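Input: a single structure, listed below in structure tokens.
The values are calculated or read from the model by the stated rules, or taken from the named source; none is laboratory data. All figures in this text were calculated on a predicted structure; none of them were measured in a lab. Cβ: placed from backbone, ideal geometry, glycine included. Neighbour counts: every protein chain shown.
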């Protein structure tokens, strides 16, 4: 069983692990992570929904220095990119990117969700978070 | 309703002043502002003020004088100073008080601004995995902006170069050494496309302003500056703000757009009439975006304005004439009031080596910050 940074962010689907968001029954707005109130219509009829595992890169950067706490990543998983990925018809989610070369990142490129290790715990067991990698499907 | 005037300004130099507390810097600024207006603290009928990390503003009365005045603390992140000013504006405009003081101050250690995700209602995972980093947000935001408007990233170095050039002409600035665009572009990359010298640093400093009913302004000064509009807005659904694990697919304007439009509307003055502007430049990209979001120019027009020297001190639309946050640093509670201090100096003709030529009549200030807020003012002679 893969260890996750926060189980409540994820759900299992037939296609693999997906991010778990909320969808407003009144106005169809999505959020991530889940929340009880709708920031769009101010209602409170939110239901859990798995988010798309694929999308397109909406913006990106590369983390150029080791952040201070509360960051607790392990050096061997650095550096890392950071992006916003547009999940069609849902929302734009912020995530780590596995790619860190600016020459290989471009707004509009297809991306797919992946679980990646970001730190090792005291026993050396990797803890995973979500990230996006270039690509259009799970190959 | 009374109109509102600024009749006294005071500042403690920005930067890092070892051995002088943030509160002591605030007291210095307050005394300077009172002296400028020829008044004593006992003449003040109200106070509004705040700092992010240097203590409660209302405790300054133990040093300034225990006069019984209502002194209200303001805590609104980067808009703390702007919010204090708006509260003072309302207090005078409504007729509640005739005269009072606003004070913004701060003292941050090197590399400050660590934020606990819980303070923003976000899970611990966000910080642990390395996403709770403000510098990242600025990189992500300007990356998208450059893409949307077809702007080349070279403009980011040009903006920082101008900030250091203006700072070198301002004796109150922290960074007073000019840096070339090439040096700025070659500095370590903090968050692509922004390098180290394109960002401001956490700093220290204090600013105080004495405000009064406009019809009494000439009792205190021969050169009042009138606060014609002061407006504050928070974010709408669909804007792109710091510490956002997600954004809505439908896009909305930044709070800057609404706050600036409201301030101009209140003043009855258009952005095309502005002679000197201070806009939030937490980093170069912020100045780039805010120039257009405030209505001072069109989106995509900035490259041409910068290349043509339009936003230089001697240009048609001088922007961040004191060097902005990039050259002055960011003491959160004081920054918004620094912009007003600088604008009053300019409108009085007192800015010395960084004075805008041609007798400027209309000034504009803009602050922006977490978690998606903006405060703007329009000032005239």
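What the table shows:
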read-out: All positions within the stretch B:245-261 that are more than 9 Å from chain A (Cβ to nearest Cβ) and either over 19 Å from residue B:231 (Cα atoms) or surrounded by fewer than 18 Cβ atoms within 10 Å (Cβ to Cβ) (or both); value: B:251, B:252, B:253
read-out: Test: residue in the stretch B:150-170 that is closer than 18 Å to residue B:192 by Cβ, within 14 Å of chain A (Cβ to nearest Cβ) and either touching a strand residue (DSSP E or B) at 6+ places or on another chain (Cβ under 6 Å) or surrounded by 23 or more Cβ atoms within 10 Å (Cβ to Cβ) (or both); value: yes
read-out: Residues of the stretch B:111-137 satisfying the condition of being at the interface with chain A (Cβ under 8 Å from one of its Cβ atoms), under 27 Å from the mean Cα position of the chain (by Cα) and within 22 Å of residue A:35 (Cα to Cα); value: B:116, B:117, B:131, B:132
read-out: Check on residue B:58, in contact (Cβ under 8 Å) with a residue 40 or more places away in the chain, buried (at least 16 other Cβ atoms within 10 Å of the Cβ), touching a strand residue (DSSP E or B) at 6+ places or on another chain (Cβ under 6 Å) and not in a strand (DSSP E or B); value: no
read-out: Residue check for residue A:118: buried (at least 19 other Cβ atoms within 10 Å of the Cβ), more than 12 Å from chain B (Cβ to nearest Cβ), under 22 Å from residue B:137 (Cα atoms) and at pLDDT 95 or above; value: no
read-out: Cβ pairs under 7 Å, 6+ apart, first in the stretch B:310-339 and free of Cβ contacts under 8 Å to residues at least 12 places away in the same chain, second assigned to a loop (DSSP other than H, G, I, E, B) and crowded, with 24+ Cβ neighbours inside 10 Å; value: none
read-out: Count of residues meeting criterion [within 17 Å of the chain's Cα centre (by Cα), at the interface with chain B (Cβ under 8 Å from one of its Cβ atoms) and over 24 Å from residue A:3 (Cβ atoms)] in the stretch A:88-115; value: 5
read-out: Residue within the stretch A:14-29 that is touching a residue at least 24 places away in the same chain (Cβ under 8 Å), surrounded by 15 or more Cβ atoms within 10 Å (Cβ to Cβ), over 24 Å from residue B:121 (Cβ atoms) and under 13 Å from the mean Cα position of the chain (by Cα) present; value: yes
read-out: Considering residues of the stretch B:356-378 that are buried (at least 18 other Cβ atoms within 10 Å of the Cβ) and more than 14 Å from the chain's Cα centre (by Cα) only, the residue nearest to residue B:268 (Cα to Cα); value: B:362
read-out: Candidates A:71, A:84 - the one that is within 16 Å of residue B:244 (Cβ to Cβ), touching a helix residue (DSSP H, G or I) at 6+ places or on another chain (Cβ under 7 Å) and facing another protein chain (nearest Cβ under 7 Å); value: A:84
read-out: Positions within the stretch A:87-125 being over 21 Å from residue B:135 (Cβ atoms) and touching a helix residue (DSSP H, G or I) at 6+ places or on another chain (Cβ under 8 Å), in sequence order; value: A:116, A:117, A:120
read-out: Residue satisfying all of: in the stretch B:196-207; assigned to a strand (DSSP E or B), crowded, with 23+ Cβ neighbours inside 10 Å and out of contact with any helix residue (DSSP H, G or I) (no Cβ under 6 Å at 6 or more places or on another chain); farthest from the other protein chains (Cβ to nearest Cβ) among these; value: B:204
read-out: Hits in the stretch A:44-68 (condition: more than 7 Å from every other protein chain (Cβ to nearest Cβ), loosely packed, with under 14 Cβ neighbours inside 10 Å and either touching a residue at least 40 places away in the same chain (Cβ under 8 Å) or assigned to a loop (DSSP other than H, G, I, E, B) (or both)); value: A:44, A:66
read-out: Among the candidates B:92, B:72, B:86, B:9, residue that is part of a strand (DSSP E or B) and closer than 22 Å to residue B:217 by Cα; value: B:9
read-out: Lone unmet requirement of (1) under 23 Å from residue B:261 (Cβ atoms); (2) assigned to a loop (DSSP other than H, G, I, E, B); (3) free of Cβ contacts under 8 Å to residues at least 60 places away in the same chain for residue B:357; value: (1)
